[in-house]
């Protein structure tokens, strides 16, 4: 029985492997509960590496930015695909922006609401000047429950790093 439990446990362990190193400027660094790294204890990604992840499209407005905002087409990757690649385990992503703003976002938001890490807006790479290079977006126009301050705060832009946590009580 003990051998069977041990075997079952190994089935759910994510094997560690080295990710390729970025060849361009690093846009995103992951740390925390990750098994697969490429620079020390972190996983670093350039734009090409992020674009190689499965891409998802979302059309929405950012009404809190401007009442006259028209819907834009955003393309980006899911946290689930990114976590699978890095062997990440946890339930919270501590996301940090270039301006040092930090917010904890439940991984469940990417499952329950279809949030994405957008890297393109209307077919073009999102520049730092335009709140990029990476932004967390929710389908605000498709789900009125998301038009709430909680989700507006989680829609962080200029994302630079993510720490994968097993719960929000974990600290740096």
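Tell me, what does the Kirkwood hydrodynamic radius of the stretch 115-172 come to in angstroms if you use every pair of distinct C-alpha atoms?
On the way: mean 1/r = 0.0780 Å⁻¹.
Every distinct Cα pair counted, the radius reaches 12.8 Å.
Distances between every pair of Cα atoms in the stretch 23-165, grouped in 5 Å steps from 0 to the bin holding the largest one, split as 2, 10, 21, 26, 22, 12, 5, 2, 0 percent. For a modelled paramagnetic label at residue 80, 7 Å from Cα along Cα-to-Cβ, the residues of the stretch 24-65 in reach, with backbone nitrogen under 17 Å, are 53-58. Peptides 44-50, 33-39 ranked from most to least packed by the mean count of surrounding Cβ atoms within 10 Å: 44-50, 33-39. Put a dot 7 Å past the Cα of residue 51, heading toward its Cβ, do the same for residue 128, and the two dots end up 1.9 nm apart. Remark: relative contact order (the stretch 53-172) = 30 percent; criterion is Cα-Cα distance under 8 angstrom and separation of 6 or more residues. In this simple spin-label approximation, residue 41 and residue 69 carry label points 7 Å from Cα along the Cα→Cβ vector, and these lie 3.6 nm apart.
Please say if the stretch 61-116 is rounded, prolate or oblate, where rounded means a/c under 1.5 for a ≥ b ≥ c the square roots of the C-alpha gyration tensor eigenvalues, and otherwise the choice is prolate for a/b larger than b/c and oblate otherwise? Prolate shape, in that a/c is at least 1.5 and a/b is the bigger ratio.
Computed packing ranks the peptides 18-28, 79-89 as 79-89, 18-28, most packed first, by mean other Cβ atoms within 10 Å. Could you tell me how far the Cα centroid of the stretch 118-172 sits from the Cα centroid of the stretch 44-59, in Å? Measuring centre to centre over Cα atoms gives 14 Å.
If packing is taken as the average number of other Cβ atoms within 10 Å across a peptide's residues, how do 114-124, 140-150 rank, most packed first? Display every interim value, and only then the final one.
Numbers: 114-124: 18.9, 140-150: 12.8.
The most tightly packed comes first, giving 114-124, 140-150.
Each value in this text was obtained by applying a stated rule to the coordinates, not by laboratory testing. This one's a predicted model, so the numbers in the text were calculated from it and none came from an experiment. Don't worry about glycine lacking a Cβ; one is built from the backbone with ideal geometry, like all the others, and counts go over all protein chains shown.
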